[in-house]
There are 2 protein chains.
Amino acid sequence: MDPLGFEHHDHRRCVAAALAAAEAHCERHRLNLTPVRRRVLELLLEGHRAMGAYDILDHLRAEGLGAQPPVAYRALDFLVRHGFAHKIERLNAFIACTHPETDHTPAFLICRGCHAVAEAHAEPTRGMLGRAAADLGFEIEEAMVEALGRCPNCREAEAAPCA
Amino acid sequence: MDPLGFEHHDHRRCVAAALAAAEAHCERHRLNLTPVRRRVLELLLEGHRAMGAYDILDHLRAEGLGAQPPVAYRALDFLVRHGFAHKIERLNAFIACTHPETDHTPAFLICRGCHAVAEAHAEPTRGMLGRAAADLGFEIEEAMVEALGRCPNCREAEAAPCA
DNA sequence: TCTAGAAATGTTACAGCATAACATATGGAG
DNA sequence: CTCCATATGTTATGCTGTAACATTTCTAGA
């Protein structure tokens, strides 16, 4: 049930709740959650994984919501700008934010095996990076942290291939 | 003179030293630093900034060292695999490593103003990310840290535009 | 020395990711 | 009602990256 991790959970419910929260947030902040934008967010939430812009576009096309790349990219841009989704640079892909509202620097744990992605918090500004930046006089405005590795499910599958 | 930072320094010397070190390292480890690979490393060192694969390729072409993308990508791949260069995902670009030999997780400070890039150390495995990964049972194999912001030079230029 | 294999390079062709530029529509403020 | 800002639609193109196969080069072993 933990949306941060690799466990199974009640997916319909988590999608619905996230969408409702996004709607409320847009209402409060006078943001225009148009049909395309809403649908793209829904697709990301349903997919519950990192999706390429062209994956998204395929769905939009099939639903008559837009046939050209810019349509998908603009919607994704809106979602990322307002914290409803993140871009994962390492994958050239996008994923719904698992804890919008809270201001955060996301850190992604990307499984090499099943390509699942978990979102954790990071505070790269503290610790070595912050100190290095301060020493150099560099002002960090935005940071991204992405880790590649093995999720517990894939590690288990590897350890016990005959189970 | 500090190769980690945004300061000016004796560039010819730093290029020559880095190249010599790379040659020695390849010698010791029976790695094949071919002319193309060596030249690509040299280009990265001379450029002293993040360079796209196609920037590199343009130089190689002009020098008759290879005309097609795979030539550049293969050389870059070799350099990255063996720690002589890093890929900066955020920029789809490559940069010479400023402290090869030492085993490290690089963290990049990318200036939005002048696009200079400094390389710092990071240990994302310690701290919040490591704890989150441990909690989830995720095994981190490789991590990437990239920060966007302002280097001291650009901050100064911004603060005193008439100076 | 000859030869088989590994490693590196060369080349074609294409796949995947992203945006510039311009046209059209839609919705609210004055 | 008109103007402006915002959003969408579309064309075209540019940048990033790789699969697949041919050729060359080097080296280890028969």
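The values are calculated or read from the model by the stated rules, or taken from the named source; none is laboratory data. Bear in mind that the values here come from a model prediction, so they are computed numbers and not experimental data. When we count neighbours, we look across all protein chains shown, and the Cβ atoms used for this are built from the backbone with ideal geometry, even at glycine. Protein only, heavy atoms only, side chains kept; ligands, DNA and RNA dropped before computing areas. Shrake-Rupley method; radii C 1.70, N 1.55, O 1.52, S 1.80 Å.
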(message) Here's a check for you: in region B:65-91, which residue that is more than 8 Å from DNA strand C (Cβ to nearest atom) and not in a helix (DSSP H, G or I) is farthest from the other protein chains (Cβ to nearest Cβ)?
(response) B:PHE84
(request) Filter region A:92-109 down to the residues that are outside any strand (DSSP E or B) and at pLDDT 95 or above, then identify the one that is farthest from the chain's Cα centre (by Cα). (result) A:ASN92
(request) Would you please name the residue that is nearest to the other protein chains (Cβ to nearest Cβ), looking only at residues in region A:110-126 that are out of contact with any strand residue (DSSP E or B) (no Cβ under 8 Å at 6 or more places or on another chain) and either part of a strand (DSSP E or B) or without any contact (Cβ under 8 Å) to a residue 60 or more places away in the chain (or both)? (result) A:ARG126
(request) Would you mind stating whether B:GLY130 is in a loop (DSSP other than H, G, I, E, B) and open to solvent by 10 Å² or more (accessible area, probe 1.4 Å)? (result) no
(message) Just to be sure before I move on: is A:LEU41 in a helix (DSSP H, G or I), out of contact with any Lys or Arg (no Cβ under 7 Å at 6 or more places or on another chain) and within 14 Å of DNA strand D (Cβ to nearest atom) in the structure I sent?
(response) yes
(message) So in region B:51-64, with the set limited to residues that are assigned to a loop (DSSP other than H, G, I, E, B) and more than 10 Å from DNA strand D (Cβ to nearest atom), which one is nearest to the other protein chains (Cβ to nearest Cβ)?
(response) B:GLU63
(request) Give me the pairs, please: first residue somewhere in region A:128-151 and touching a residue at least 12 places away in the same chain (Cβ under 8 Å) and facing chain B (nearest Cβ under 7 Å), second residue anywhere and open to solvent by 40 Å² or more (accessible area, probe 1.4 Å) and not in a strand (DSSP E or B), beta-carbon distance under 6 Å, and either six or more positions apart or on two chains. (result) A:ILE140/A:THR125; A:GLU146/A:ARG90; A:LEU148/A:ARG112
(request) Determine whether region B:107-119 contains at least one residue that is within 24 Å of B:LEU148 (Cβ to Cβ) and open to solvent by 70 Å² or more (accessible area, probe 1.4 Å). (result) yes
(request) Could you pull out the residue among B:LEU65, B:LEU33, B:LEU76, B:LEU91 that is of a type in the set (A, V, I, L, M) and either open to solvent by less than 20 Å² (accessible area, probe 1.4 Å) or in contact with a Ser or Thr (Cβ under 7 Å, 6 or more places away or on another chain) (or both)? (result) B:LEU76
(message) Cβ contacts < 6 Å: first residue assigned to a helix (DSSP H, G or I), restricted to region B:22-35; second residue more than 9 Å from DNA strand C (Cβ to nearest atom) and open to solvent by 100 Å² or more (accessible area, probe 1.4 Å), any location; separation 6+ or different chain. Result?
(response) none
(request) Give B:ASN32, B:ASN92 a once-over and let me know the one that is under 26 Å from B:CYS154 (Cα atoms), within 16 Å of DNA strand D (Cβ to nearest atom) and among the polar types (S, T, N, Q). (result) B:ASN92
